[in-house]
Amino acid sequence: MPKIAKELSAAEVRRLTQPGMHAVGGVSGLHLQVTDSGARSWLLRTVIGSRRREIGLGGFPEVPLTTARDKAREAKERIRQGVDPIEQRRAARAALIAADGKSITFKEAAEKFLGSKTVEFKNAKHAAQWGSTLATYAYPEIGKLPVDSVELAHVVKVLEPIWATKTETATRLRGRIESVLSWATVSGFRNGDNPARWRGNLDAVLPKPGKLKNVQHHAAVPWRDVADFMVKLRKRDGMAARALEFLILTAARSGEVRGATWDEIDLERKVWTVPGERMKAGKEHVVPLCDDAIALLNDLPRIEDNDLVFPAPRGGQLSDMTLAAVMRRMRVAATPHGFRSTFRDWTAEATAYPHEVCEMALAHTVGSTVERAYRRGDMFAKRARLMADWCKFVNTPAAKSGDVVAMRKGRG
């Protein structure tokens with residue numbers, strides 16, 4: 001029969017400083033272990049199955065005598081129930097480590113998402129806008145929050161301050177948060193519904209964006225005034241003025257013009273082919289060049305070791321602000337991008353060209369998915385006639401009179 005240890009008091013336990021194993025009684029097998037360095041800890045010596053094991057119960061005096069005895073009794077009870085406390089502890093530790101590996105913050109999830117989706121963004125600027133929007137509005141509120149802890153209240157707290165005042169930014173931000181959380185769910189970092197989802201979720205909490213604020217369009221030169229503007233523009237020197245003129249003649253976006261390279265231009269065929277990676281829709285766009293556009297290009301200097309059509313003085317791309325500055329110095333309250341609206345207003349008010357031709361001239365996506373599947377061509381011939389008519393219109397003094405001119409009726 002095993003020897004029963006004397007039950008020591010708390011005071012007697014405190015006096016145990018000799019290195020070794022000291023039975024303290026109260027629970028069979030409970031010992032205070034004292035190391036050569038003087039550190040003291042609790043050990044329960046017992047048998048689990050057919051093996052003698054030692055179970056650590058914590059250090060002394062952090063774990064006092066009464067608590068050590070309670071822990072020893074609980075361990076013995078689990079053993080009687082067929083549970084191995086040591087294996088149970090190992091499993092719990094492994095689960096904790098695994099859970100910690102799956103626990104990332106919202107900011108970390110956003111960075112991982114952006115890293116995996118970079119190739120899908122249209123350009124580096126688009127990717128930067130994603131990161132900037134999240135860093136400005138989302139990270140201060142939920143950046144450090146575990147991504148699996150982000151709830152509806154958190155998303156509302158991020159969106160509410162700018163929902164009415166910066167509606168367009170807020171709606172984009174909501175979509176970006178939703179995308180990050182969807183990625184986190186699919187990647188195993190969170191479970192459950194997406195709290196940034198609009199339909200059947202945030203739409204019950206926040207007002208519809210369309211009810212808050214009308215979209216602010218780019219200020220545009222009225223189409224009847226564009227010929228007068230072109231006369232004044234052509235009197236101005238500088239690469240920015242020529243880039244703006246080319247932008248008007250092609251109805252292109254500022255970024256497409258500023259990033260244009262000579263290898264995209266075919267002067268003989270009168271074609272400018274903008275690669276998909278530089279287009280908003282991500283699809284190659286072939287632009288027919290009118291005679292004025294060709295003449296403008298032929299007059300431009302070619303700079304050695306720089307393939308840009310409209311290079312900045314220091315060799316890089318012109319900035320969008322540079323083109324806007326030309327208009328500001330001309331005292332015109334409009335933007336370069338607004339000339340696309342000018343062009344579209346002219347096509348609608350003064351020509352009989354079909355809607356599809358006009359929209360495709362602006363590189364807009366036209367028709368449903370089914371319609372686009374059956375319409376294989378890009379209507380280049382019709383668009384070439386349209387751009388030639390636009391070129392004539394911006395050069396004709398009749399544009400000043402305000403009369404509507406029916407251009408190419410029946411030819412579209």
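FYI, it's all coordinate maths here, none of it is from the lab. In this text, all values refer to a predicted model and were calculated from it rather than measured experimentally. Neighbour counts run over all protein chains shown; Cβ positions are idealised from the backbone, glycine included.
On the basis of the beta-carbon distance and an R0 of 35 Å, residue 62 and residue 103 show a calculated FRET efficiency of 0.80. Using the alpha-carbon positions of the stretch 162-286, Rg (one decimal) and Dmax (whole number) come out as 21.8, 63 Å. Peptide packing: for 333-345, 64-76, the average count of neighbouring Cβ atoms within 10 Å per residue gives the ranking 333-345, 64-76, highest mean first. Length, then width, then depth: along the principal axes, the Cα atoms of the stretch 155-198 run 35, 15, 13 Å.
Taking the Cα of residue 53, stepping 7 Å toward and past its beta carbon, and measuring to each backbone N in the stretch 1-45: which are under 12 Å? What the label zone holds, given the 12 Å backbone N cut-off, is 44-45. The Cα-based radius of gyration and maximum Cα-Cα distance (Dmax) for the stretch 13-71 are 11.2, 34 Å. Cα centroid distance between the stretch 240-313 and the stretch 22-90, in Å? Comparing the Cα centres of the stretch 240-313 and the stretch 22-90, I get a distance of 80 Å. With the simple model of a label 7 Å out from the Cα in the direction of the Cβ, residue 305 to residue 225 spans 4.4 nm. Ordering 382-392, 289-299 by mean Cβ neighbour count within 10 Å, with the highest value first, yields 382-392, 289-299. Each peptide among 240-251, 146-157, 78-89 gets the average number of other Cβ atoms lying within 10 Å of its residues, and from highest to lowest they stand as 240-251, 146-157, 78-89.
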